[in-house]
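Engineer: Let me give you the structure first, and then I'll get to my questions.
Just so it is clear, none of the values below were taken in a lab; they were calculated from the coordinates. Quick caveat: nothing in here was measured; it's all calculated off a predicted structure. In this analysis, Cβ positions are derived from the backbone assuming ideal geometry, glycine residues included, and neighbour counts consider all displayed protein chains.
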Amino acid sequence: MEKQTNREGIKGWLNPTRYGIERFAYWLMRLTGLGLLAYFVAHIIETSTIVDGKDAWDKMLELTQTTEGHIILALVIGMSVFHTVNGIRVMLGQGGIGVGKPGRPDYPYNKPASLNNKHKLCIYASIGLAALAMLYGLQVMFGV
Amino acid sequence: MAAIAPQTLEEKPVAVESQSKSITLRISKFNPKTESNRNFVDFTIPYKKWTTVLDAILVVKENFDHSVGVRYSCRQSSCGSCGMKINGKPALACYTKISELNSNTITVEPMDNFPIIRDLVVSFERMFSAHKKLKPYIISEDSEITKDTKEFLQTPEDVEKYLQFSNCIKCGLCNSACPTMATDSSFIGPQALAQAYRYVADNRDKGKNDRLKIIDDSHGIWRCHFAGSCSKVCPKGVDPAMAIQLLRGYLLGFRK
Amino acid sequence: MRESVVMKIHYGTALGAVALVAIHILFRMTQNFADSLEFESVIANYEFLPYALLLEVILVLISIHGFNGLRVILLELRQGRTYEKAVTYGCIAAMAAVIIYGSRTILIAGMGIV
């Protein structure tokens, strides 16, 4: 079927390097979304141990409050910040805000107004803020 | 995927001016009716500063392998026929100069996300049907060809609202670059969505609600995630990503 | 339901969740991180009604946003009437299951039955 339709398939999503930072942000948005959903479900399950009493809760903490657990939590913090900041950018863009104004296109037509510096800056800012939040999270969790 | 031994102009003397610079042109050969795998055939082609990828393909057709399937017409990026994947990215072969690719090997393949007819030629059937579905014409009960009326006047500002979107030559590069098109066979696609906006933004048109109803579907405008790849590859400055976001503004209530 | 309505809900739940999760995280930072996770401290949080309500709203908002996001990705991955119906109903069922399971925790811990 794929051969007949010649669709790129999922590798069309997975190779984010060909079309600039906007495509990279699209890919990262999807990845962080899935990661956060997985964490959310896991978080609901881990916190539910509280209904089984103090021993069960402490046992769960023993499992999650480890170096690996803290690193995973730091990644979750980074994913949340990126997904939030980039999500707001995408939401505004999808409402037609900050995507430029239609006009008379000029040769060689290689600077589309929608892929403007405001959006690029927001993407870089969301990556930067995510990295900062991760560092702060690590500092809090490891109490350095 | 098999590679066939490279052929050069030296091996087969023909009346082509000898050049100091040359590239290897790798052409994807595949006939889905008779073959099960794609083959790449290599050719060594001389080029000048202004030689386009289409020129190089035509040198191959003229001198080495006339069976190479390629669709082209105007050779000046007006007809939208020669879209293909050039070194991994969709582009018009007539608009892409070899000297600007900065590569000694140029690989040409059929565009992704379109069924292959043969070699570099793909079928536009689905793109055209999505385009037609969105009513790409002015919808208005008034007519400018009745006796007592004049033509519909538009100010230059009115025209600028849709002018760039009317530049679309239906080459399909945007649909080929779109990540949603890579997996979603029911998605309308950036080409048709941009054309929907072209008519919605035209103040002579009264079909906005009809079109918004068509695109407000589970495989309609909401499957665009503003990755912007369509605008990145558009050779005519249409900027489908902008058109789609502006169009979505109507559905979100940001625009009236 | 029209897709535009679904997506408006998607955006609305995202904005709501961002604001409320920020408060949820701030609660963890009112004291030392490890101390805030102590059994007694967490139970006290659950028994504080406004905070329990906040957790419930977060649970509902993120479940809706997360599982609709998953539905979107799965709809784009493959097509077909049966598959698309299965994805839509599957995501609704998963969303409901997570909300019910999370609410059970909030209710039991909040009522001090632990």
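Engineer: Of the beta bridges DSSP finds with both residues in the protein assembly as shown, what % are antiparallel, to the nearest 5?
Structural biologist: Around 65 percent of the beta bridges assigned by DSSP in the protein assembly as shown are antiparallel ones.
Engineer: When we measure straight from the Cα of B:K33, which aspartates and glutamates land under 15 angstrom away, once same-chain ones fewer than 8 places off are left out?
Structural biologist: Partners within reach: A:E2, B:D119.
Engineer: How much of the DSSP bridge set in chain B is antiparallel, in percent, rounded to the nearest 5?
Structural biologist: Of the beta bridges lying entirely in chain B, close to 65 percent run antiparallel.
Engineer: Which of B:Y137, B:L252, B:S185 sits closest to the plus end of the dipole of the range B:125-252, meaning its Cα is farthest towards the positive end, when Lys and Arg get +1 and Asp and Glu get -1 on the C-beta?
Structural biologist: B:S185
Engineer: Something else now. Putting +1 on Lys and Arg Cβ atoms and -1 on Asp and Glu Cβ atoms, find which of A:N15, B:T105, B:S73 reaches farthest to the positive end of the dipole of the protein assembly as shown.
Structural biologist: Projecting each Cα onto the dipole axis, the largest value belongs to B:S73.
Engineer: Moving on. How far is helix A:67-94 tilted, in degrees, relative to the longest principal axis of the Cα atoms in chain A, given as a value from 0 to 90 rounded to the nearest 10?
Structural biologist: 30 degrees
Engineer: Then there is this: Helix-only mean residue ellipticity at 222 nm, chain A, DSSP H runs n ≥ 4 weighted -39,500 (n - 2.57), per residue, nearest 500. What is it?
Structural biologist: Value at 222 nm, helices only, nearest 500: -23000 deg cm²/dmol.
Engineer: Still on this structure, I have one more. Can you list the chymotrypsin sites (Phe, Trp or Tyr not before Pro) in the range C:42-114 that are in a DSSP coil and have 13 or fewer other beta carbons within 10 angstrom?
Structural biologist: Within the range C:42-114, the qualifying chymotrypsin sites (Phe, Trp or Tyr not before Pro) (loop, at most 13 other Cβ atoms within 10 Å) are C:F48.
Engineer: Identify unpaired cysteines across the protein assembly as shown, taking unpaired to mean no other cysteine Cβ lies under 4.7 Å from the residue's Cβ.
Structural biologist: A:C122, B:C82, B:C94, B:C168, B:C171, B:C178, B:C224, B:C234, C:C91 - these cysteines have no disulfide-compatible partner (Cβ-Cβ under 4.7 Å) in the protein assembly as shown.
Engineer: Treating only the Cβ of Lys, Arg, Asp and Glu as charged (+1, +1, -1, -1), what charge dipole size does the range A:50-144 show about its Cα centre? Round to the nearest 20 debye.
Structural biologist: With Lys and Arg at +1 and Asp and Glu at -1, about 860 debye.
Engineer: While we're looking at this one, here's another question. Restricting to Cα pairs below 8 Å that are 6+ residues apart, what does the relative contact order work out to for the range B:125-252? Please round to a whole percent.
Structural biologist: Result for the range B:125-252 is 32 percent.
Engineer: A follow-up question, please. If the cut-off is 18 Å between C-alpha atoms, which lysines fall inside it for B:K29, apart from same-chain ones fewer than 8 positions away?
Structural biologist: Qualifying lysines at Cα under 18 Å: A:K3, B:K61, B:K85, B:K89.
Engineer: Relative contact order for chain A: what percent, with Cα pairs under 8 Å and sequence separation of 6 or more?
Structural biologist: Relative contact order of chain A: 28 percent.
Engineer: OK, next. Once you keep just the Cα pairs under 8 angstrom separated by 6 or more residues, what percentage relative contact order results for the range C:3-110?
Structural biologist: Relative contact order for the range C:3-110 comes out at 35 percent.
Engineer: Then there is this: Could you give the DSSP H helices of chain C that reach 24 angstrom or more along their long axis (alpha carbon positions) and whose average Kyte-Doolittle hydropathy is no lower than 1.6?
Structural biologist: C:49-77
Engineer: Pairs on different chains or at least eight residues apart, Cα atoms closer than 20 Å: how many lysine pairs in the range B:125-252 fit?
Structural biologist: Lysine pair count for the range B:125-252: 20.
Engineer: What's the angle, to the nearest 10 degrees (0 to 90), between helix A:117-142's Cα axis and the longest principal axis of chain A?
Structural biologist: 10 degrees
Engineer: Can you give me the C-alpha center-to-center distance between the range B:89-109 and the range C:1-65, rounded to a whole angstrom?
Structural biologist: If we compute the Cα centre of each part, the gap is 51 Å.
Engineer: When only DSSP loop residues count, what trypsin sites (Lys or Arg not before Pro) in the range B:164-230 have their Cβ near at most 14 other Cβ atoms within 10 Å?
Structural biologist: When the trypsin sites (Lys or Arg not before Pro) of the range B:164-230 are filtered for loop state and at most 14 Cβ neighbours within 10 Å, B:K206 remain.
Engineer: While we're here: Would you mind working out the magnitude of the charge dipole of the range C:3-110 relative to its Cα centre, with +1 at each Lys and Arg C-beta and -1 at each Asp and Glu C-beta, to the nearest 20 Debye?
Structural biologist: I would put it at about 540 debye.
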